[in-house]
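Worksheet: one structure, shown below.
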Ligand SMILES: C[S@@+](CC[C@H](N)C(=O)[O-])C[C@H]1O[C@@H](n2cnc3c(N)ncnc32)[C@H](O)[C@@H]1O
């Protein structure tokens, strides 16, 4: 039976108690083939490192979940490890299973300055910065939950995108935001600020959900999923958040002054009930992130504003989880990618 030794970082020695020997390190046969995929793998292993400067903004624990500290209370989902893992699964869902391995659909060429608004774990911004090493990329968020080992052309900053922006002096070639449903209270103002901070001819792309689930065959009726979304989305709407930004993006873009506006809508199943490999993969990823999302999404809004106890929330969540695993329940969500351009003049 092979013996296991601890490897000391930066050394070719290993030691277990007083015994020492030289461990043979083998190259992993399954290493990613490209630099950018390899960088992704590296960030997975260093994800728990957070920048010392940001740690004090990580926030307080409430009902077992951690929430952001900067502008405390304005965003109602957690920022803890569980949520970050969910966001990375969500990233895989959108890029790999929904958008055919694309990070964006805008026809950008050789951007020099780009921003990812509300970057979350920063996974999208890291991949974007890898693809365009000559582009200075910023990722901003209320929470400093991004890794510290990132491409040299990428910077993460703590910022509130609903406050006045400070980027007008250094406008962007590309502005990107994904999954701001239940996060933003004034989307027209956000888009106006984005317009002002984009270079003439620059592109903007928002990718977002309609978080209202539906079924074509009526199988959502009477399920815990339907009950969960009725209760939780109404609570978010009462607090002033958008719950279906995806379907409004096109009009918001046009009202803000963007031209060449394009819309692509994807139907994403919940679970692997739909025919076809691509649908099954998307549905499986979606179910994985949904099972985490529903607890994180419901706890703060229902306990802080709707007088629910945490235990009552857990019962609601358990029923929504159980019904999503039923093969006779065929739920879908719509996901939108909308991109447009600031006029040249
Ligand atoms: C659902 S997550 C999406 C994260 C990321 N865009 C992605 O697609 O993986 C929403 C993110 O928006 C951030 N957020 C919410 N309100 C914000 C605000 N006013 N300013 C900056 N970030 C905000 C949250 O901290 C969270 O990381």
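Each reported figure results from applying straightforward, stated rules to the coordinates on display, with no laboratory input. None of these values were measured; they are calculated from a predicted model. When we count neighbours, we look across all protein chains shown, and the Cβ atoms used for this are built from the backbone with ideal geometry, even at glycine.
Restricting to region 6-341, compute how many DSSP beta bridges are antiparallel as a %, nearest 5. Beta bridges within region 6-341, antiparallel portion: roughly 55 percent. The tail of the calculated P(r) for the chain, taken as Cα-Cα distances beyond 34 Å, holds 30 percent of the pairs.
Relative contact order for the chain: 18 percent, from Cα pairs under 8 Å spaced at least 6 residues apart, divided by residue count.
Taking the fewest neighbouring Cβ atoms within 10 Å as the starting point, the ordered list for 61, 131 is 61, 131. Note on region 270-321: the C-alpha convex hull projects to 3.6 nm² when averaged across all orientations. Kindly list the residues of region 190-206 that lie in the label zone of residue 110, defined by a backbone N under 18 Å from the point 7 Å along the Cα-to-C-beta vector. Counting backbone N atoms under 18 Å from the label point, the list is 199-203. Cα centroids of region 279-296 and region 53-115: 16 Å apart.
Each of residue 157 and residue 29 was given a label point 7 Å from its Cα along the Cα-to-Cβ line. The distance between the two points is 4.8 nm.
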